[in-house]
1. I want the antiparallel fraction of DSSP beta bridges within chain A, as a percent rounded to 5.
2. Which one, B:Gly174, B:Gly139, B:Leu113, projects farthest toward the positive side of the charge dipole computed for the stretch B:90-191 from Cβ point charges (K/R +1, D/E -1)?
3. With +1 assigned to the C-beta of every Lys and Arg and -1 to the C-beta of every Asp and Glu, and no other charges, what is the dipole magnitude of the protein assembly as shown about the Cα centre in debye, to the nearest 20?
4. Take every residue in peptide B:61-68, count the Cβ atoms of other chains within 10 Å of its Cβ, and give the average of those counts.
5. Using a label point 7 Å beyond Cα on the Cα-Cβ vector, give me the inter-copy distances for B:Thr6 in nanometres, one decimal, shortest first.
6. Provide an ascending nm list, one decimal, of label-point separations from B:Glu302 to the equivalent residue in each further copy; define each label point as 7 Å from Cα along Cα→Cβ.
7. Once you order the gyration tensor axes a ≥ b ≥ c over the Cα atoms, which shape class does the stretch B:8-151 get: rounded for a/c under 1.5, otherwise prolate or oblate by comparing a/b with b/c?
8. Restricting to bridges with both residues inside the stretch A:78-221, how much of the DSSP beta-bridge set is antiparallel, in percent to the nearest 5?
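Read-outs throughout are calculated quantities, based only on the coordinates presented, and are distinct from any laboratory measurement. Note that the structure is predicted; figures quoted are calculated from it, not measured. Here the Cβ positions follow ideal geometry from the backbone for every residue, glycine too, while neighbour counts run over all protein chains shown.
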Protein chains: 2
Amino acid sequence: MSDKRTELEQLGEFGLIDQLTKKFETKNPETLFGIGDDAAVLEGKEDKVRLVSTDMLLEGIHFNLMYMPLKHLGYKAVSVNVSDLCAMNGKAEQITVSLAVSNRFPVEALEELYEGIRAACEHYKVDLIGGDTTSSVSGLILSISVIGTASKKDVVYRSGAKENDLLVVSGDLGGAYMGLQVLEREKEVFKANPNIQPDLDGHDYILQRQLKPEARVDVIDILKELEVVPTSMIDISDGLASEVLHLCKASGVGCHVYDEKLPIDAATSTTALDFNINPNTAAMNGGEDYELLFTIGQSDYEKVASNPNFTVIGHITHQNDGMYLIDRNGAAVELKAQGWNHFNKED
Amino acid sequence: MSDKRTELEQLGEFGLIDQLTKKFETKNPETLFGIGDDAAVLEGKEDKVRLVSTDMLLEGIHFNLMYMPLKHLGYKAVSVNVSDLCAMNGKAEQITVSLAVSNRFPVEALEELYEGIRAACEHYKVDLIGGDTTSSVSGLILSISVIGTASKKDVVYRSGAKENDLLVVSGDLGGAYMGLQVLEREKEVFKANPNIQPDLDGHDYILQRQLKPEARVDVIDILKELEVVPTSMIDISDGLASEVLHLCKASGVGCHVYDEKLPIDAATSTTALDFNINPNTAAMNGGEDYELLFTIGQSDYEKVASNPNFTVIGHITHQNDGMYLIDRNGAAVELKAQGWNHFNKED
């Protein structure tokens, strides 16, 4: 090792991954696509491809057991992984779950966690096929890998967006982030006075968005019914701004996203205003909505725009035109990712 | 959650896995075998199956960075996973690597780790196809999943051993454990006096067994050349005794293992005696050798016994006869797993 010391936060998560993996080459003919999308793509049976993705969730970084019930955590951990395969226009079929836990957890707590995992497996029709279980020095760590399939002709990468394509999102945005704000507020109230009951009334929708997100497997079915194959796709885990940038960077294009088009539920807006947060900021930078962001050719506009699950939020431009958020006065602000950077010291 | 509190160490690792996963059923027709072997088995292309396995390695539990260089750790983490697919009579083709690290690691340290992972990928002809990178509250956590293939007719499970089959191991045993003892001793010396250089001279073989174990992919090729398909197989990660018990339990059989047949390298024996450890104890309970333990039909005896990579160490008996280690005087001692139990409080 040289004497040089580069701190992790100088690179950030995506810079670090690039730095660590740049010397790796894939050599196996069965490996169709390796690092750099929501899932890796391997040769499958007949006209199928096999999809593989993996996620690691750590207590104190990705979840807080003070307000995240273990059953919900199990469900969410599976949803997050299933969502990665949706982002490839594919379906999850199997998962492995590795678990590290400290002795502070009794067996019963882990049974709760696995109840959530099992509920998600039933819901998504996914088989638990393996894993690893070990002790940890501190806290709970979950590592899930998901395996699934897509038909070879329908698999969608981040890199296929073309100039003049339309930018579309499923569902609505910012809810999971506002749910987290409510939970964080009640945690602080509880810390100050443990006798006060948490005030979560009226926040059902945004709490569910945070605590029990659903992977949009239904969107994959709807796209198939509509006979629409997106030109590119990604799931929204780190916030819309971050995902739009990933998609444009991978495709070598620019974009215009229209502020006033962002789909935001009334419950999200109301809570955001209560917290003095601009609802659009929650939608653009909040993350954890696990909706799908995709691009379609103009010829598919009618099919998609008429479906209540989808909102056209902008269009793809030439790479040289840059990536912009356009407000209702027509003013353009350059898009910047404000997504989570777990390596920041203040996290 | 009920009020009952069962401590993790009451169940142990394997009991806990059983408890947590007993309610899960596999439903997908593509899932040929789920939990309970070295790898899960999925439908593959044509006459192949797809194999999937996963392992999690935590600093302070599975490795100690005081004497495990990061490059070696990377190499070993890949070997351990590749070994799981060898145990199915298959070959690894792809891996995913998820990493959680605290800020105490500079980028350069992780580059060392990935150098080791890359060296192993080159050696085993495996592609790195994905992963996840995040920060950790404490220490380094690695979670690796491996994907590979086997031909459908040659895939070997733990459950196929039959009465009168012969019990065979590849290579030699106990070396990795004695290497660990030397490293632990030198760590204590260093802690007492940091000016004393570690005395590792003459321990090259056992240190390599501990720090840079190789998955026995060559054994898979040799078995193919010999036209031997084992009736059952498992890799030796937790010590021979533990693995023999797994194999017999999965197959519903008993066994006799002969003490004097255990293959032990001279370097392992010498060091064991220096440490007042019975070399056979190191071989039976040491673990981390990543050799293969398998059973063959009697008709394959000549082919296997004449190959220098293999040692016949016993034979399979009826389930009712139990599982015994037979010493050179013919005395039988019941086999008990002394493998690692990471949930023991003293660990």
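1. Antiparallel bridges: around 80 percent, rounded to the nearest 5.
2. B:Gly174
3. 240
4. Average neighbour count from other chains, rounded to a whole number: 1.
5. Computed spacing set for this position: 4.9 nm.
6. Spelled out, the distances from B:Glu302's label point are 7.7 nm.
7. Details: a/c = 2.25, a/b = 1.34, b/c = 1.67.
Here the stretch B:8-151 falls in the oblate category.
8. Values: 9 of 17 bridges.
Just about 55 percent of them are antiparallel.
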